[in-house]
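Let me begin by presenting the structure, written as structure tokens, before commenting on it.
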Amino acid sequence: MYQPFAIGSRFRIVPPDTPPATNGRIDLVIAKGAFGSGEHETTASCLEALEELPEVDGASVLDLGSGTGILALAALKLGASRALCIDISPDAVKTCRRNGELNGLAGRLRHHTGSLDSLPAQETFDLVLANIYGDLLVDLADDLVARVAPGGLMLLSGMLWEYNYEVRKLYEERDCAVVKNRMLEEFSTVLLRKNGQPQGAARR
């Protein structure tokens, strides 16, 4: 068990059976396990970025390397319409599924055990979240960009400083524009927008 803690201006991370927040914060109920509960600086950075994105409302979301599912859960609690969580670890998928139930969001979550290329090729999303290692963000650049709908957003983190420039350059070469680049203590977070007209109201 761990003590509840705040992230950003809107979220509070809590263990199961914690009384609801009374200060207006959004509770994310995360069962403590091998995949963390949000303490890492990259997770916190992603949550802080999500709470500032009005585009989350109504969005379809892909959370690659979802772990506990904390980022997808946060997006859903900010108004995203649905989310697909994908991880290569069956244990992570099990944890993510459990956290979806704890947050009352199981009906808006899908889960997939496997790699990105095992998803249907035609499926795209308004918002792609990937808090994974920098070398994976490099290797998966083509596939990740292909998963983003025109005008959609990608929130990438988990990369050490040394990968930041390479990741930004690769994704810019693939028709994406950097919206925000944040350097953390050791890692970094990059928000990008894929060029093209967003689907807008058609997605809702």
| query | Would it be correct to say that Arg182 is touching a helix residue (DSSP H, G or I) at 6+ places or on another chain (Cβ under 7 Å), assigned to a strand (DSSP E or B) and among the charged types (D, E, K, R)? | reply | yes
| said: I'd like to check something: does region 55-64 contain any residue that is of a type outside the set (Asp, Glu), at pLDDT below 95, more than 18 Å from Cys176 (Cα to Cα) and out of contact with any Cys (no Cβ under 6 Å at 6 or more places or on another chain)? | reply: no
| query | When you scan region 130-148, how many residues do you find that are among the β-branched types (Val, Ile, Thr), crowded, with 21+ Cβ neighbours inside 10 Å and in contact with a helix residue (DSSP H, G or I) (Cβ under 8 Å, 6 or more places away or on another chain)? | reply | 0
| query | Counting only residues that are surrounded by 14 or more Cβ atoms within 10 Å (Cβ to Cβ) and either over 18 Å from the mean Cα position of the chain (by Cα) or of a type outside the set (Lys, Arg) (or both), how many does region 161-174 have? | reply | 7
| said: When you scan region 13-23, do you find a residue that is touching a helix residue (DSSP H, G or I) at 6+ places or on another chain (Cβ under 6 Å), modelled with pLDDT of 90 or more and of a type in the set (A, V, I, L, M, F, W, C), even just one? | reply: no
| message | Just to check your reading of the model, which residue among Leu144, Leu156 is aliphatic (A, V, I, L, M), in a strand (DSSP E or B) and in contact (Cβ under 8 Å) with a residue 12 or more places away in the chain? | response | Leu156
| task | Restricting attention to strands (runs of 3 or more DSSP E) lying wholly within region 1-101, give those where 2 or more residues are charged (D, E, K, R) and either closer than 25 Å to Asp143 by Cβ or free of Cβ contacts under 8 Å to residues at least 12 places away in the same chain (or both). | result | 82-87
| request: Would you be able to say whether some residue in region 57-69 is closer than 28 Å to Gly151 by Cα, polar (S, T, N, Q), in contact with a Pro (Cβ under 8 Å, 6 or more places away or on another chain) and surrounded by fewer than 22 Cβ atoms within 10 Å (Cβ to Cβ)? | output: no
| remark: Filtering region 121-147 for residues that are under 23 Å from Thr68 (Cβ atoms) and β-branched (Val, Ile, Thr) leaves a count of 2
| region 24-51 - residue that is of a type in the set (Asp, Glu) and modelled with pLDDT of 95 or more and, of those, nearest to Gln3 (Cα to Cα) | Asp27
| task | Go through the residues of region 104-119 one by one and say whether even a single one is in a helix (DSSP H, G or I) and within 15 Å of Thr68 (Cβ to Cβ). | result | yes
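The values are calculated or read from the model by the stated rules, or taken from the named source; none is laboratory data. Every value quoted in this text rests on a predicted model; they were computed, and no experiment measured them. Neighbour counts are summed over all protein chains in view; Cβ atoms, including those assigned to glycine, are modelled from backbone coordinates with ideal geometry.
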